[in-house]
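Some notes on the structure that comes next.
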Amino acid sequence: MENYKPDPVFESLGREKGAPFYDPVAAAAFPEHVVRYRNRRWAEKVGLGRLSEAEWIAHFGRFEPLPDNLSAPVAIRYHGHQFRTYNPDIGDGRGFLFAQLRDDQNRLLDLGTKGSGKTPYSRFGDGRLTLKGGVREVLATEMLEALGVYTSKTFSLIETGEKLYREDEPSPARSSVLVRLSHSHVRFGAFQRLAYEKNGEAIAALVDYCIAQFYPALGDKAGEARIVSFFRTVVQHTAQLVAQWMAAGFVHGVLNTDNMNVTGESFDYGPWRFTPVADPSFTAAYFDQTGLYAFGRQAEAGAWNLAQLGGALSLLAPVDALNEALQSFSGAYEEAMAEAFFRRLGVQRRGESDFAFVADFLKWMTETGAPYERVFFDWFCGSASENRAAQSPAAELYEQEKFADIRNALTSFTPEKPERLSHDYFSGKPCAMLIDEVEAIWAPIAEKDDWSLFDAKLEEISRMREALGFDASRFSP
Ligand code: AMP
Ligand code: MG
């Protein structure tokens, strides 16, 4: 464990009596522990790659504290707007912060759980996660990381041998406990809760924590300027995150303020879906009847959520200044869309008009119903892929007059590291993750505990990640 760097700084927020950030909790005792997924790549990066299976289960199934780390797990307190309705009864209801450590770039990471048992915030819930829910979170995080989205990573998934009852899954359903690795779990909702309690002092303390850990460049700012510049930074990171989801064709599904992290890191994957085509109305969650969080409305959701965060911060800074910072969202979003789409297309940025190209490109994608992942695959590195695109099953689409302008633009951009095309990933088929495939991966697990499709998919995603070679840390704080 030579690279293991424990740093349980979240505790420092709560040493004073009555500190309103978290509650110590205990993990549930599970009847069984079967390791279903172990993120060896990230375990290596945080110095936990050498644990034996028994040690892995002790820490990530029974939650025995890691050395020199949090002495007991803590359920983090937060509120949130759920589908635009304020809910003051939530908080970590089936998870907790288990440990904090630093990665190979010295950034602070949280090990947080999902499905680890009841807490004071469980309400009517059982505090558990279904195995299918855990498998889906693994698939989402692996895909998003490969596609260059700033996302939490799934660290561990252990099947726990209980029977769960769920409306949206055949029941009894198998149970699991998941550990996620994330650059913090400070949700917009944590600030909302403190504002609800009119606790300005605690808001200032939480801003201090975020600046010290995630945005040290703001460290010299004081007073109202400190709050406003923190907010402006969160606005920018949120705009980047939404743009990355768009470029990945990803619909998070539940963009409530308790699912938004101030670092702009994507996390908490429930009813997510990848969209087959650029359909703005494509919706992930069956319970999202109005399409509030549809593919084409994610930027609006991000901005609305930011407005709520700004509202909470208005206890400590003038509304006008916060509003002005919020107004920077649309410009930041256009810039981030250009960045994210050019990166996914493997071409170099040109400047001013880059967003105009992205808008035209998306318009063409929407109007023609072009297969999302396929287009990025076929045209990776622009002109360097022209011959390959001509051989694609979608080639006919590229011959149409409607595509002429897009083609001209695409092939005029300078390819970024076109040597990436020599990876054998590009002689195969695009790696996608549409809902039918997710269900097809799950079916044999449910029917006969056959994990071969799941393992094969992780292998395929890994090859795509290597082929694309996106620097996952690029958008990190
Ligand atoms: P989510 O929609 O997963 O972000 O969850 C919203 C809130 O409901 C959070 O406070 C969760 O902790 C809580 N929650 C979700 N599922 C459960 C469950 N099975 N048991 C207890 N709390 C839950
Ligand atoms: Mg959540």
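The values are calculated or read from the model by the stated rules, or taken from the named source; none is laboratory data. Small disclaimer: the values here were computed from a predicted structure and weren't measured. So basically every Cβ, Gly included, is an ideal-geometry build from the backbone, and we count neighbours across all protein chains shown.
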Practice task
Scan segment 58-92 residue by residue and report those that are among the aliphatic types (A, V, I, L, M) and either more than 19 Å from the chain's Cα centre (by Cα) or assigned to a loop (DSSP other than H, G, I, E, B) (or both).
Solution key: Ala58, Leu66, Leu70, Ala72, Val74, Ala75, Ile90
Fill in the blank from the handout: With criteria (1) without any contact (Cβ under 8 Å) to a residue 24 or more places away in the chain; (2) away from ligand 1 (no atom under 16 Å from the Cβ), Phe287 comes up short on (2)
Fill in the blank from the handout: Subset of segment 1-43, residues of a type in the set (Asp, Glu) and touching a residue at least 12 places away in the same chain (Cβ under 8 Å), comes to Glu2, Asp7, Glu11, Asp23, Glu32
Fill in the blank from the handout: For Trp245, the lone unmet condition from (1) in a helix (DSSP H, G or I); (2) within 16 Å of ligand 1 (Cβ to nearest atom); (3) within 30 Å of Glu367 (Cα to Cα) is (2)
Handout entry: Only listed residue being farther than 24 Å from Ala338 by Cβ and over 19 Å from the mean Cα position of the chain (by Cα), chosen from Ala278, Ala222, Ala284
Key = Ala222
Handout entry: Checklist (1) in contact with an Asp or Glu (Cβ under 9 Å, 6 or more places away or on another chain); (2) within 15 Å of ligand 1 (Cβ to nearest atom) applied to Leu108, failing item
Key = (2)
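Looking at Ser175, Ser156 in this structure, which one is within 15 Å of ligand 1 (Cβ to nearest atom), in contact (Cβ under 8 Å) with a residue 40 or more places away in the chain and in a strand (DSSP E or B)?
Exactly one residue qualifies, and that residue is Ser175.
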Handout entry: Close pairs from segment 353-365: first crowded, with 19+ Cβ neighbours inside 10 Å, partner modelled with pLDDT under 95 and not in a helix (DSSP H, G or I), Cβ under 8 Å, at least 6 apart
Key = none
Fill in the blank from the handout: The residue that is surrounded by the fewest Cβ atoms within 10 Å (Cβ to Cβ), considering only those in segment 266-292 that are within 13 Å of ligand 2 (Cβ to nearest atom) and in a loop (DSSP other than H, G, I, E, B), is Gly270
Practice task
Go over the candidates Leu164, Leu241 one by one and state the one that is within 16 Å of ligand 2 (Cβ to nearest atom) and of a type in the set (A, V, I, L, M, F, W, C).
Solution key: Leu241
Practice task
For Lys402, state whether it is of a type in the set (D, E, K, R), outside any helix (DSSP H, G or I), surrounded by fewer than 19 Cβ atoms within 10 Å (Cβ to Cβ) and in contact with a Phe, Trp or Tyr (Cβ under 9 Å, 6 or more places away or on another chain).
Solution key: no
Fill in the blank from the handout: Screening Leu147, Leu157 for residues that are of a type in the set (A, V, I, L, M, F, W, C) and under 14 Å from Gly134 (Cα atoms) leaves only Leu157
Practice task
Could you check how many residues of segment 122-132 are within 13 Å of ligand 2 (Cβ to nearest atom) and either buried (at least 23 other Cβ atoms within 10 Å of the Cβ) or under 28 Å from Gly47 (Cβ atoms) (or both)?
Solution key: 1
Exercise for the section: Would you please name the residue that is surrounded by the fewest Cβ atoms within 10 Å (Cβ to Cβ), looking only at residues in segment 93-121 that are outside any loop (DSSP other than H, G, I, E, B) and among the hydrophobic types (A, V, I, L, M, F, W, C)? Expected result: Leu108
Fill in the blank from the handout: Log entry, pairs with first residue in segment 444-462 being in contact (Cβ under 8 Å) with a residue 40 or more places away in the chain, second being part of a loop (DSSP other than H, G, I, E, B), beta carbons closer than 7 Å, six or more apart or on different chains, reads Ile445/Trp451; Ile461/Cys431
Exercise for the section: Count, please, the residues in segment 173-202 that happen to be under 22 Å from Trp304 (Cα atoms) and of a type outside the set (Gly, Ala, Ser). Expected result: 11
